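This report concerns only the one structure given below.
The values are calculated or read from the model by the stated rules, or taken from the named source; none is laboratory data. Please read these numbers as outputs of a predicted model, since none were measured by experiment. Here the Cβ positions follow ideal geometry from the backbone for every residue, glycine too, while neighbour counts run over all protein chains shown. All accessible areas refer to the heavy atoms of the entire protein, side chains included, with ligands and DNA or RNA removed. Shrake-Rupley method; radii C 1.70, N 1.55, O 1.52, S 1.80 Å.
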Amino acid sequence: MLVAVSGGKDSLALWDVLVALGYQADGLYIKLGIDGGVRYSDQSLEKIEAFIAARPGARLTVVDVPQELGAPIPLAAQLTRRGQGRPCSICGMSRRHIMNRVAHDGGYDVLATGHNLDDEAATLMGNTLSWQVGYLARQHPVLPASDDGLVRKVKPFFRFYERETAAYALVCGIDYVYDECPYAVGATSIYYKGLLNQLEADRPGAKLQFVLSFLRAKEEEGAFAQAASEVTLKRCPKCGQPTANDGECTFCRTWDRVRERLASQTHPQTQMEAR
Amino acid sequence: MHVKGAPSPAKASAREAPFALTEPAARVTIFLMTVSITFRDQQYEVRPGMTVRDAIRKCGLQPEAVLPVRDGKLITEDVVLKEGDRIKLVAVISGG
Ligand code: SF4
């Protein structure tokens with residue numbers, strides 16, 4: 001099993017639980033190249049390294065985005081003008097691609113992520129408010145592997161409140177990154193989490209009920225089943241990863257554009273230096 | 001007329017010094033024991049005797065969004081705060 005770890009409370013708590021339960025769970029850290037004045041990426045990796053130092057046998061794969069792809073995430077976002085000034089769009093897309101690729105190429109049969117109940121409820125709220133039927137069709141704690149190259153994905157903590165995973169990490173002495181990614185400030189998901197917490201304060205259990213009744217509607221009444229069956233994936237001719245695009249996948253197109261723009265920016269300077 | 005909730009006139013006059021302090025050397029500093037609460041870089045003070053949950057609300061924060069820690073140990077929301085307690089609130093919301 002491969003566990004995606006960010007250095008935050010949820011993913012480190014999940015890794016801790018999986019190891020304690022006897023799973024051969026290896027970690028994957030994607031170094032995004034985000035500093036934000038708090039050394040966010042470096043700090044996250046340091047926490048993960050401290051975590052594995054205390055757990056002999058735990059193995060970690062690190063994918064260094066600036067080194068492997070050519071630019072840190074915030075610069076890539078600037079160069080492609082994706083995401084209206086926020087790097088979250090290119091960040092999420094790249095992380096999903098890398099996680100699937102590493103799990104697939106490494107022969108892992110399942111990829112686990114630390115999504116908790118609050119994450120699921122906030123995503124569900126966002127998707128419902130804008131009726132993103134395709135996203136609603138794919139939102140599930142277990143997504144099966146597909147013949148077109150998607151690995152099986154699981155969210156073992158999807159029934160746990162964010163408070164519970166944080167409490168677990170504190171009680172077990174797991175040292176995690178307290179600093180939030182600097183780009184998370186003002187994120188819609190955090191806004192939705194605040195609204196859901198107000199609801200939860202008035203009606204305890206509301207978040208769990210929201211997520212579980214959605215899953216029940218899908219399983220028992222076939223809600224969004226049609227949208228789920230409409231998606232057909234092809235293989236990207238460049239990287240071989242599954243994609244809904246005709247031709248190259250969004251990841252390959254985006255990062256090619258980043259490297260092109262980077263080269264066109266640095267090229268004149270290199271010529272000047274050579275003179 | 002006395003407004004409900006406002007200090008009563010009797011109490012207000014009781015707080016006035018019964019004598020005039022004229023000499024600077026005679027100044028008295030009174031330390032009121034409170035509970036200090038820190039959340040990120042914010043500092044709050046509340047009165048002892050209330051529960052952690054009420055104190056978090058009093059600071060304008062959502063009890064669901066934080067975990068209270070006292071002396072490095074996680075405490076529950078029904079704990080009644082004592083004079084001099086120092087509470088650190090750990091943010092639990094993450095996302096992006
Ligand atoms: S807040 Fe945005 S940039 Fe930061 S890790 Fe999350 S998705 Fe990436």
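Observations on the model:
- Qualifying residue in segment A:147-155 (condition: at pLDDT 95 or above, in a helix (DSSP H, G or I) and farther than 22 Å from A:Ile48 by Cβ): no
- Of all residues in segment A:102-127 being open to solvent by less than 10 Å² (accessible area, probe 1.4 Å) and touching a strand residue (DSSP E or B) at 6+ places or on another chain (Cβ under 7 Å), the one that is nearest to the other protein chains (Cβ to nearest Cβ): A:Ala112
- Yes/no for A:Gly134 being within 21 Å of A:Ala227 (Cα to Cα), over 16 Å from the mean Cα position of the chain (by Cα), within 14 Å of another protein chain (Cβ to nearest Cβ) and surrounded by fewer than 19 Cβ atoms within 10 Å (Cβ to Cβ): no
- Number of the condition not met by A:Phe51 [criteria: (1) aromatic (Phe, Trp, Tyr); (2) within 15 Å of the ligand (Cβ to nearest atom); (3) closer than 18 Å to A:Leu14 by Cα]: (2)
- Residue within segment A:68-89 that is more than 16 Å from the ligand (Cβ to nearest atom) and away from chain B (no Cβ under 14 Å) present: yes
- In segment A:12-38, the qualifying residues are those that are of a type outside the set (Val, Ile, Thr) and within 14 Å of the ligand (Cβ to nearest atom), and the one that is farthest from A:Arg259 (Cα to Cα) is A:Gly37.
- Scanning segment A:232-257 for residues that are in contact (Cβ under 8 Å) with a residue 24 or more places away in the chain and surrounded by fewer than 13 Cβ atoms within 10 Å (Cβ to Cβ) turns up nothing.
- Which numbered condition A:Met93 misses (of (1) more than 12 Å from the ligand (Cβ to nearest atom); (2) out of contact with any strand residue (DSSP E or B) (no Cβ under 8 Å at 6 or more places or on another chain)): (1)
- Of the numbered criteria (1) open to solvent by less than 60 Å² (accessible area, probe 1.4 Å); (2) in contact with a Gly (Cβ under 9 Å, 6 or more places away or on another chain); (3) within 9 Å of another protein chain (Cβ to nearest Cβ), the one A:Gly194 fails is (2).
- Being exposed (fewer than 15 other Cβ atoms within 10 Å of the Cβ), more than 25 Å from A:Ala169 (Cα to Cα) and modelled with pLDDT of 95 or more holds for only one residue in B:Pro18, B:Pro48, and it is B:Pro48.
- Residues located in segment A:160-176, provided they are of a type in the set (D, E, K, R) and either within 16 Å of the ligand (Cβ to nearest atom) or within 18 Å of the chain's Cα centre (by Cα) (or both): A:Glu162
- Screening A:Glu46 on (1) assigned to a loop (DSSP other than H, G, I, E, B); (2) out of contact with any Lys or Arg (no Cβ under 8 Å at 6 or more places or on another chain) shows it passes everything except condition (1).
- Among residues of segment A:1-11 being in contact with a Leu (Cβ under 9 Å, 6 or more places away or on another chain) and assigned to a loop (DSSP other than H, G, I, E, B), the one that is nearest to the ligand (Cβ to nearest atom) is A:Ser6.
- Any pair with Cβ under 8 angstrom, 6 or more apart, that starts in segment A:87-113 at a residue that is assigned to a loop (DSSP other than H, G, I, E, B) and ends at one that is open to solvent by 50 Å² or more (accessible area, probe 1.4 Å) and hydroxyl-bearing (Ser, Thr, Tyr): A:Pro87/A:Tyr183; A:Gly106/A:Thr61
- Against the test of being closer than 25 Å to A:Leu32 by Cα and within 12 Å of chain B (Cβ to nearest Cβ), the options A:Val171, A:Val185 yield a single qualifying residue, A:Val185.
- Among the numbered conditions (1) open to solvent by 20 Å² or more (accessible area, probe 1.4 Å); (2) touching a Pro at 6+ places or on another chain (Cβ under 8 Å), the only one that A:Gly149 does not meet is (1).
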